[in-house]
Every structure is written in C-alpha cells, then in structure tokens.
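Okay, so here's the structure we're looking at.
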Amino acid sequence: QAALRRSGEWDLFEDYVIYFFEDIEGIKSGGELTLKGNIAPLILGEPREPLAPISHELVLENTFQYNNNDLVVIDWNAAVVLEPTGQRDVADVIEFALTHLLEVRYYDDLIDKRLEGLYDAIEKERHGVLNTYFSKASREASSRYIEFSEFMERVDNSLKVVGDFYLAVIFRGATRKFRIQDWQQSISRKMGILAQVSELLEGEMNVRR
C-alpha cells in the first residue's frame, strides 16, 4: 500500500459466473453438449421460461472449440467451459478480459464525475461565484487523457501477452462480447468533451487575468 498514490476502493464490481465442467454424464463431445446441454437457459439464468430459438442462437454464436472434446461458450454475464483436462487457462483468460472491462467502467465513471464537477463549476460562475476550479480541472483533464491513452494501448497489446493462439481467440471473443470497444469509444468521446470544456474555461480564466 505504501507504493500506491491516492489509494482507495471503488464501490462497483463486475460479477461473472463460469460453469466449468471436466466431464458430463451422457455427453461425449463439445458438439453434443451444444445439442443436448440446453446451454442458453443456463447462461441466461432462465430455468423456467422457454427461450425462443433466436435466443439460443444469440448465445451460441460466441462458441469456441479447440478439439472435439472441449467447448467454450461466452456471454455477457456467464460462460460455459467444458475442459476434460481440467486446465483453467480458458477461465483465466476470461477473467483477464473482465479486468479490462472493469477498468474501462472505472474510467467511464471517473470521467462522468469530472464532467459533473465542471458543469457545477460553470453554474457557480453564472451566479457570480468566483471559482478557481477551472485551472486545476484543465490540468487534471490533460493528465487523465494521457493516462487513459496509455491504458488503451495496454488493452491493445494484451493480445501479445496471450501467447497461445487459441487462448488469444478466446480473449478476443470475450472482449467483443463484453463490448469493451463500445466502452472505449464512449470514454474517448467524453474525454474529448472534458478536454474541450476545460480548454475553453482555461482560456476564459487567462482572459480575466
């Protein structure tokens, strides 16, 4: 903890369920599991309501196999992993992708709070209250932009960390299912707004001086 600056705990978390099977009675292959296993209700948490065929298709479209005996099905809130060897590499890769999702959610929440702070400061200025928040906010916006850009580069380079080709495919499929790219675009847009507003306010403060 001594090595951390401004340490703290975030109140949000990302829960996720992985149903990990080494052997299933009556199932001899991954393909047989997709036909007999009724995977979609398990992943979606719908044990009673019969699902439409399109719901089954949407869940199973993110299915991966390395050989006939294994199977991986990844969805937003849960995944099914059939791995006869018992190795947990696939589960670890899914968890690795979830850490990226959690971090982009953290940045999204952080930027929302910074924008709210700027808007509040603007309202105070409109009511004639002198506020020195702008200069500090502008510097912090620039710092956050650099920090986020560095993080996004780490996300892009994560595929290089996952050396195994099949595991890299799993990682790419998980990040796609978790819509990490959509979060990235949303954060980039908000960062642009934060930078523009901060720059305008900084210019206004300089004119006043």
Quiz item: For the stretch 7-66, what are the residues that are polar (S, T, N, Q) and within 20 Å of the chain's Cα centre (by Cα)?
Solution: Asn62, Thr63
Self-check item: Considering residues of the stretch 45-55 that are outside any helix (DSSP H, G or I) and not small (Gly, Ala, Ser) only, the residue most open to solvent (accessible area, probe 1.4 Å)
Solution: Arg48
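Are any residues in the stretch 1-32 in a loop (DSSP other than H, G, I, E, B), over 24 Å from Tyr107 (Cα atoms) and open to solvent by 50 Å² or more (accessible area, probe 1.4 Å), and if so, which ones?
Kept after step one, since they are in a loop (DSSP other than H, G, I, E, B), are these residues of the stretch 1-32: 1-16, 22-29.
Now restrict to residues that are over 24 Å from Tyr107 (Cα atoms): 22-29.
Hits for the stretch 1-32 are Glu22, Asp23, Glu25, Gly26, Lys28.
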Quiz item: Is it the case that Ile74 is touching a Lys or Arg at 6+ places or on another chain (Cβ under 9 Å), closer than 19 Å to Ile180 by Cβ and among the hydrophobic types (A, V, I, L, M, F, W, C)?
Solution: yes
Quiz item: Are there any pairs, at least 6 apart or on different chains, whose C-beta atoms fall under 6 Å, with the first in the stretch 49-73 and under 15 Å from Asp89 (Cα atoms) and the second among the small types (Gly, Ala, Ser) and at pLDDT 90 or above, and if so, which?
Solution: Gln65/Gly30; Asp70/Gly30; Leu71/Gly30
Quiz item: Taking the stretch 102-119 only, how many residues are surrounded by 12 or more Cβ atoms within 10 Å (Cβ to Cβ) and either more than 20 Å from Trp10 (Cα to Cα) or modelled with pLDDT under 65 (or both)?
Solution: 1
Quiz prompt | Complete set of residues in the stretch 161-209 that are assigned to a helix (DSSP H, G or I), under 30 Å from Ala91 (Cβ atoms) and open to solvent by 50 Å² or more (accessible area, probe 1.4 Å) | solution = Val161, Phe165, Arg172, Arg176, Gln181, Asp182, Trp183, Gln185
Self-check item: Qualifying residues in the stretch 35-44 (those that are at pLDDT 90 or above and open to solvent by less than 70 Å² (accessible area, probe 1.4 Å)) - the one farthest from Asp92 (Cα to Cα)
Solution: Pro41
Practice problem: Count, please, the residues in the stretch 176-207 that happen to be under 22 Å from Thr99 (Cα atoms), in contact with a Leu (Cβ under 7 Å, 6 or more places away or on another chain) and among the aliphatic types (A, V, I, L, M). | Solution: 1
Quiz item: For residues in the stretch 78-101 being in contact (Cβ under 8 Å) with a residue 40 or more places away in the chain and farther than 30 Å from Glu32 by Cα, which is surrounded by the most Cβ atoms within 10 Å (Cβ to Cβ)?
Solution: His100
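The values are calculated or read from the model by the stated rules, or taken from the named source; none is laboratory data. Note that this is a predicted model, so its numbers are computed, not measured. Ideal geometry is used to build each Cβ from the backbone, glycine not excepted, and the neighbour counts take in all protein chains shown. For accessibility, only protein heavy atoms count, side chains too; no ligands or nucleic acids. Shrake-Rupley method; radii C 1.70, N 1.55, O 1.52, S 1.80 Å.
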